[in-house]
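What follows is a short report on a single structure.
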Amino acid sequence: MRHEKKYPEIFEYLGWCSWEQYRVNVSSDLMVDAMQKIEKSPIPIRWVLLDNGHEHQYKTADGMNSSRMLSFKANPETFPNGFAPMMNAKSDKIKWTGIWHTMNAHWQGLHPEHEIRELDPYLVKIHKNEGFEVMMPQGDTTSSKMFYDALIGSAKNQGFDFVKIDNQNRQMAFYNGMSNPVKIVSQHAQSMEASMEKISNGLMNCFCVDLLNLMNTKYSAVGRVSVDYL
């Protein structure tokens, strides 16, 4: 029940999101610069969210329509030292940091030539009508759990305190033609919630206000429901 849920302490405070300033053109230097400016500012911002643009991804001219994740690491071109400079910029004032991912890890899932080979037994290759292939978690409980433990665990291991998960209500379209897409996506939502509860200090749901996702928010208590830029 809602009254039984824990509201993360992080979100009791004002935060800053990179998307509002830089959209996808974010970099390690820009993030550190922003955090240093926030530190000097009288504005009581306590957390910083690294949004879309940090990913190690396979990019094409189509942008989000065909972008697929290569690993859970930072983009080596714009974050050459990974996320360590951001973590070093945390302070008593900027106490928490978060990172953005999507329900599929990235807009179009994992690239077939991804580097997270330990997940291979738990993935299924899906042929998109647009003419390319993506890797997504299989629909069974074990595969779903392994995928989200790896995704959320990577954020934790990199030093982030919470995760924003976007694109939730578009996931079912990837499983069209399989035996029960609703059951698969429900399982993924439950696995993500369980991983967050076990591993992370907070989940910010995003693009999530369809009933399939809302009715599976067993633990999380936060959603982004502001105007979208599309």
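Give all pairs with beta carbons closer than 6 Å in which a residue from region 50-69 that is on the phi > 0 side of the Ramachandran plot meets a residue that is aromatic (Phe, Trp, Tyr) and crowded, with 19+ Cβ neighbours inside 10 Å; count only pairs at least 6 apart in sequence or on separate chains.
Within 6 Å, no pair qualifies.
With the checklist (1) without any contact (Cβ under 8 Å) to a residue 24 or more places away in the chain; (2) surrounded by fewer than 12 Cβ atoms within 10 Å (Cβ to Cβ) in hand, flag the one item residue 118 doesn't pass.
Status for residue 118: all satisfied but (1).
If you take the residues of region 148-168 that are farther than 18 Å from residue 214 by Cβ and of a type in the set (S, T, N, Q), which of them is surrounded by the most Cβ atoms within 10 Å (Cβ to Cβ)?
It comes out as 154.
Within the group 226, 143, which residue is surrounded by 19 or more Cβ atoms within 10 Å (Cβ to Cβ) and without any contact (Cβ under 8 Å) to a residue 24 or more places away in the chain? Give the steps one after another, and end with the answer.
On the way: 226 fails: surrounded by 19 or more Cβ atoms within 10 Å (Cβ to Cβ).
From the options 226, 143, the qualifying one is 143.
Surrounded by fewer than 13 Cβ atoms within 10 Å (Cβ to Cβ), hydrophobic (A, V, I, L, M, F, W, C) and farther than 30 Å from residue 217 by Cα: is that true of residue 43 in this structure? Before the answer, list the steps.
On the way: surrounded by fewer than 13 Cβ atoms within 10 Å (Cβ to Cβ): yes; hydrophobic (A, V, I, L, M, F, W, C): yes; farther than 30 Å from residue 217 by Cα: yes.
Answer is yes for this residue.
So residue 109 clears everything in (1) farther than 24 Å from residue 196 by Cβ; (2) of a type in the set (Gly, Ala, Ser); (3) in contact with a Lys or Arg (Cβ under 8 Å, 6 or more places away or on another chain) except one condition, right? Which one?
It is condition (1) that residue 109 fails.
With the checklist (1) under 19 Å from residue 70 (Cβ atoms); (2) buried (at least 18 other Cβ atoms within 10 Å of the Cβ) in hand, flag the one item residue 171 doesn't pass.
The single condition residue 171 does not satisfy is (1).
FYI, it's all coordinate maths here, none of it is from the lab. Keep in mind the model is a prediction, meaning the values are calculated, not measured. Neighbour counts run over all protein chains shown; Cβ positions are idealised from the backbone, glycine included.
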